[in-house]
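The values are calculated or read from the model by the stated rules, or taken from the named source; none is laboratory data. A quick note: this is a predicted structure, and the numbers were derived from the prediction, not measured. A quick note on method: Cβ atoms are made from the backbone with ideal geometry, for glycine too, and the neighbour counts reach across all protein chains shown.
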Amino acid sequence: MRAIQRLHPLDWLAGGLLACGLLCLATGLLPTESAGQAMIRIGPLLAFLGTVIVLAELTSEAEVFDVVASGVARAGRGGYGRLFVLCVAFASVTTITLNLDTTAVLLTPVMLALASRVGIATVPLAMTTVWLANTASVLLPVSNLTNLLAANRVALRPTEMAATMWAPQLAAIAVTMGCLWVFFWRRGRRGAESYTPPAPHRPGDPVLFRVCAVVCAGFLIAMLVADVPLWSASAVAAAVVVVVFAVRRPASLRLSLVPWRLLVMVPGLFLVVETVNANGLHELLTSAIGGDGGALGMFRASAVGAGLSNVLNNLPVYLAGESAVPLGNHQQLLALLIGTNVGPVVTPWASLATLLWFERCHAQGVRVPLRSFMATGAVLATGAVAASTAALVATR
């Protein structure tokens, strides 16, 4: 009973989704063949998701993020303009290389702690993490779970996906920077002229710090250069870090490192979406997205993806939308990906990363008014999705 009382609302959501999906399967609403195909497809995705989150959690415990955050604040030398550019770069690189959930779960508390330690306003840093967790997640397959699905569908390796999506990614980050500065970072909003740079952060265990930093760098290099499945690269990197922690700090190895909530939620989402697809959503999305693989069809797909993501959630919307895009329309599929990655910044439930971010902010006592969050997010979503899609059209 006590364990049940400790469950977070997101735990109930994850369990409810899985139970709903299994109920659909048991009652025949979901064909067994469709369910089997969905589970086969997400096997490697779950392996990647589980291992990369463990890698990120232990990297955080080794204080790699703290050292980088402290370095970013010191590099800003007390100037908010420099700090703004550095924080955008830090959050963007974290999202691109370690996925958006890492930014939401691990980078958010580090940045908020840094803000309180050196007297930097908290809301600008908080909004930087949540917005870039979403808008900086289109460059590599590792950046977002939806990217892995899209990369498999259009047969793009990490380097090929980066070569295709670099312009949309730059466009999304540029629009995000503009919105962040106008709404949160400019002098009249942040409430301070300058800040005092912190002292260098010294990790408690330099060996753990160095090993985790090197392993993360090796993982990123392997992901971009070696022709190996992403899940195997993340599994090897996580295994090395776990072994080092077992030797240096065994108390840090606990079952809670494994992202059980995500590993339950993702299969549930797949089963529920497959059920809805089999009972009418596919026809609706096919009509909404259309079969035009040209510029108009690309803008249409990204707009539908962004709009429905904020109504429902970006992962099921991408899954449903993917089946509605004709097989040969690769550029239209990537436009849908832009909509479901860059667009879900208006409602708190639009992406899992945003839900996790709200949870972390609440735990740290940081409050962002919902009305302000949604109003500014609507401006960002409109501008960033349009600019990113235009960049994809221009460089296709």
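Side notes on the structure shown:
- Of the residues making up the range 269-302, just one is under 21 Å from Gln331 (Cβ atoms), of a type in the set (A, V, I, L, M), surrounded by fewer than 22 Cβ atoms within 10 Å (Cβ to Cβ) and touching a residue at least 40 places away in the same chain (Cβ under 8 Å), namely Ala295.
- Condition check for Ala62 on (1) at pLDDT below 85; (2) more than 26 Å from Arg187 (Cα to Cα): one failure, at (1).
- Screening the candidates Leu132, Leu139, Leu114, Leu106 for the property of being outside any loop (DSSP other than H, G, I, E, B) and surrounded by 24 or more Cβ atoms within 10 Å (Cβ to Cβ) yields one hit, Leu132.
- Matching residues in the range 345-380 - criterion: being within 14 Å of the chain's Cα centre (by Cα) and at pLDDT 95 or above: Val345
- Some residue of the range 321-338 being in a helix (DSSP H, G or I), under 14 Å from the mean Cα position of the chain (by Cα) and within 30 Å of Ala163 (Cβ to Cβ): yes
- Subset of the range 153-163 (residues that are touching a residue at least 40 places away in the same chain (Cβ under 8 Å) and either closer than 17 Å to Pro326 by Cβ or assigned to a helix (DSSP H, G or I) (or both)): Arg153, Val154, Pro158, Thr159, Ala162
- Inter-residue pairs, beta-carbon under 6 Å, first surrounded by fewer than 19 Cβ atoms within 10 Å (Cβ to Cβ) and in the range 164-184, second assigned to a helix (DSSP H, G or I), 6+ apart: Ala167/Ala391; Ala167/Thr395
- With respect to the conditions (1) hydroxyl-bearing (Ser, Thr, Tyr); (2) out of contact with any Gly (no Cβ under 8 Å at 6 or more places or on another chain); (3) surrounded by 15 or more Cβ atoms within 10 Å (Cβ to Cβ), Tyr195 lacks only one, and its number is (2).
- Near pairs, Cβ below 9 angstrom, 6+ apart or cross-chain, from the range 87-109 (free of Cβ contacts under 8 Å to residues at least 12 places away in the same chain) to any residue that is crowded, with 24+ Cβ neighbours inside 10 Å and charged (D, E, K, R): none
- Pairs linking a residue in the range 344-359 that is farther than 16 Å from Gly305 by Cβ to a residue that is polar (S, T, N, Q), with Cβ atoms under 6 Å and 6 or more positions apart or on different chains, are Pro348/Thr354; Trp357/Thr108.
- Selection within the range 316-341 - out of contact with any Phe, Trp or Tyr (no Cβ under 7 Å at 6 or more places or on another chain) and hydroxyl-bearing (Ser, Thr, Tyr): Tyr318, Ser323
- Residue in the range 245-257 that is within 19 Å of the chain's Cα centre (by Cα) and closer than 30 Å to Ala384 by Cα present: no
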